[in-house]
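Chemist: There's a structure below that I have some questions on.
The values are calculated or read from the model by the stated rules, or taken from the named source; none is laboratory data. These figures come from a predicted structure and were not determined experimentally. Don't worry about glycine lacking a Cβ; one is built from the backbone with ideal geometry, like all the others, and counts go over all protein chains shown. Protein only, heavy atoms only, side chains kept; ligands, DNA and RNA dropped before computing areas. Shrake-Rupley method; radii C 1.70, N 1.55, O 1.52, S 1.80 Å.
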Amino acid sequence: MGFGQRWLKWMELLVFNSNMSILVNGSPTKDFMVSRGLRQGDPLSPFLFVLVAEGLSGLVTRSIEVGDFQRFDIKRSCGVDILQFADDTLLVGEGSWKQIWAIKVVLCAFEVVSGLGINYQKRKLIGINSNVHFLEAASHVLSCKLEEINFYFLGIPIGFNPRKESTWSPLVVNMKNHLEGWTNRFLNLGGRMTLLKSVLSCLSIFTMSFYKCLRKW
């Protein structure tokens, strides 16, 4: 990515030459050298992870260039291949065996070059207008589970009908749960307004930035 040698040396020192201790029954142990990974809670950790995750996007791009990975074209005006947000990744492409093997190669290559392990128990395969038997066989090849067409990605309902009240029910329940947790807190008017603006409004605005809310809700 073009980082200088000095910057790379700094990162190497932080990752492989840092000390840490562990709290045992509230008391810290003696410091020991970290040989792999960053310290838990280190503010630098998410930034470095995002840089490493960019490698997955680069591998997908390279796979497209060599003709293995086939991105999904939307009305021949926009192509979608990978969507990433921190450690949440969505690979989008055509439903074919060539695509399945391309995905498997990309993921295996990413594990080798990054040293990160992919949690196969959390991976899911989603097929739209695809043969059920093909999806079942593909899920075995990718060592993942099958997911229904309707699913949630980053808290946003995908494939649901926004005109149905059931689509908005989880959002209403989530807001009610937040309100119930505040009933035991003796907050003044300013504190309540802060909670409403920072939590409740964000929950609804985030969802309504993708879907038009029902009028009666």
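Chemist: Among the listed residues Lys104, Lys30, which satisfies the condition of being basic (Lys, Arg) and over 19 Å from Ser139 (Cα atoms)? Break it down stepwise before answering.
Modeler: Details: Lys104 fails: over 19 Å from Ser139 (Cα atoms).
Result: Lys30 is the single residue among Lys104, Lys30 that is basic (Lys, Arg) and over 19 Å from Ser139 (Cα atoms).
Chemist: Filter segment 121-146 for residues that are among the polar types (S, T, N, Q) and outside any helix (DSSP H, G or I); which is surrounded by the most Cβ atoms within 10 Å (Cβ to Cβ)? Steps first, please.
Modeler: At the first step, the residues of segment 121-146 found to be among the polar types (S, T, N, Q) are 121, 129-131, 139, 143.
From what's left, outside any helix (DSSP H, G or I): 121, 129-131, 143.
On the way: Gln121: 9, Asn129: 6, Ser130: 15, Asn131: 11, Ser143: 12.
Checking each candidate, the answer is Ser130.
Chemist: Considering segment 18-42 alone, what residues qualify as being of a type outside the set (Lys, Arg), at pLDDT below 80 and open to solvent by 60 Å² or more (accessible area, probe 1.4 Å)?
Modeler: Those that are of a type outside the set (Lys, Arg), at pLDDT below 80 and open to solvent by 60 Å² or more (accessible area, probe 1.4 Å): Asn19, Met33, Ser35, Gln40, Gly41.
Chemist: What is the residue count in segment 82-104 for residues that are open to solvent by 70 Å² or more (accessible area, probe 1.4 Å) and of a type outside the set (Asp, Glu)?
Modeler: Let us first name the residues in segment 82-104 that are open to solvent by 70 Å² or more (accessible area, probe 1.4 Å), namely 83, 85, 87, 94, 97-98, 101.
Now narrow it down to the ones that are of a type outside the set (Asp, Glu): 83, 85, 97-98, 101.
Here the count works out to 5.
Chemist: Another one. On the given criteria, is Val199 surrounded by 10 or more Cβ atoms within 10 Å (Cβ to Cβ), hydrophobic (A, V, I, L, M, F, W, C), in a helix (DSSP H, G or I) and touching a residue at least 24 places away in the same chain (Cβ under 8 Å)? I'd like the intermediate steps shown before the answer.
Modeler: Details: surrounded by 10 or more Cβ atoms within 10 Å (Cβ to Cβ): yes; hydrophobic (A, V, I, L, M, F, W, C): yes; in a helix (DSSP H, G or I): yes; touching a residue at least 24 places away in the same chain (Cβ under 8 Å): no.
No.
Chemist: Is it fair to say Val60 is in contact (Cβ under 8 Å) with a residue 24 or more places away in the chain, surrounded by 12 or more Cβ atoms within 10 Å (Cβ to Cβ) and within 22 Å of Phe151 (Cβ to Cβ)?
Modeler: On the way: in contact (Cβ under 8 Å) with a residue 24 or more places away in the chain: yes; surrounded by 12 or more Cβ atoms within 10 Å (Cβ to Cβ): yes; within 22 Å of Phe151 (Cβ to Cβ): yes.
When the stated conditions are applied, Val60 passes them.
Chemist: For Ser45, state whether it is touching a helix residue (DSSP H, G or I) at 6+ places or on another chain (Cβ under 6 Å), open to solvent by less than 60 Å² (accessible area, probe 1.4 Å) and among the hydroxyl-bearing types (Ser, Thr, Tyr). So that I can check it myself, show each step before the final result.
Modeler: On the way: touching a helix residue (DSSP H, G or I) at 6+ places or on another chain (Cβ under 6 Å): no; open to solvent by less than 60 Å² (accessible area, probe 1.4 Å): yes; among the hydroxyl-bearing types (Ser, Thr, Tyr): yes.
Criteria not met by Ser45.
Chemist: Still on this structure, I have one more. Could you grab me the full set of residues in segment 202-215 that are open to solvent by 90 Å² or more (accessible area, probe 1.4 Å) and either among the small types (Gly, Ala, Ser) or touching a strand residue (DSSP E or B) at 6+ places or on another chain (Cβ under 8 Å) (or both)?
Modeler: Those that are open to solvent by 90 Å² or more (accessible area, probe 1.4 Å) and either among the small types (Gly, Ala, Ser) or touching a strand residue (DSSP E or B) at 6+ places or on another chain (Cβ under 8 Å) (or both): Phe206, Phe210.
Chemist: Being of a type in the set (A, V, I, L, M), open to solvent by 70 Å² or more (accessible area, probe 1.4 Å) and either modelled with pLDDT under 80 or in a helix (DSSP H, G or I) (or both) is true for just one of Met193, Met175. Which residue is that?
Modeler: The unique qualifying residue is Met193.
Chemist: For segment 107-119, state whether one or more residues are touching a strand residue (DSSP E or B) at 6+ places or on another chain (Cβ under 7 Å), within 29 Å of Glu54 (Cβ to Cβ), open to solvent by less than 40 Å² (accessible area, probe 1.4 Å) and hydrophobic (A, V, I, L, M, F, W, C).
Modeler: First pass over segment 107-119, keeping only residues touching a strand residue (DSSP E or B) at 6+ places or on another chain (Cβ under 7 Å): none.
No.
Chemist: It is to be established whether one or more residues within segment 100-108 are small (Gly, Ala, Ser) and at pLDDT below 90. Walk me through it before giving the result.
Modeler: Filtering segment 100-108 down to residues small (Gly, Ala, Ser) leaves 102.
Keeping just the survivors that are at pLDDT below 90 gives none.
Checked against the condition, which is being small (Gly, Ala, Ser) and at pLDDT below 90, segment 100-108 yields no hits at all.
Chemist: Looking only at segment 54-84, count every residue that is more than 22 Å from the chain's Cα centre (by Cα) and of a type in the set (Lys, Arg) and tell me the total.
Modeler: 2
Chemist: Which ones in segment 122-153 are under 27 Å from Ser166 (Cα atoms) and touching a residue at least 40 places away in the same chain (Cβ under 8 Å)? Before the answer, list the steps.
Modeler: Pass one, segment 122-153, residues under 27 Å from Ser166 (Cα atoms): 122-130, 132, 145-153.
Selection gives Phe153 alone.
Chemist: Considering every residue within segment 170-187, establish whether at least one is hydrophobic (A, V, I, L, M, F, W, C) and within 18 Å of the chain's Cα centre (by Cα). Talk me through it step by step, then tell me what you get.
Modeler: Of all residues in segment 170-187, those hydrophobic (A, V, I, L, M, F, W, C) come to 171-173, 175, 179, 182, 186-187.
Going one step further and asking which of them are within 18 Å of the chain's Cα centre (by Cα), we end up with none.
Within segment 170-187, none of the residues are hydrophobic (A, V, I, L, M, F, W, C) and within 18 Å of the chain's Cα centre (by Cα).
Chemist: Among the residues of segment 154-172, which ones are closer than 25 Å to Val199 by Cβ, assigned to a loop (DSSP other than H, G, I, E, B) and touching a residue at least 12 places away in the same chain (Cβ under 8 Å)?
Modeler: Leu154, Gly155, Pro162
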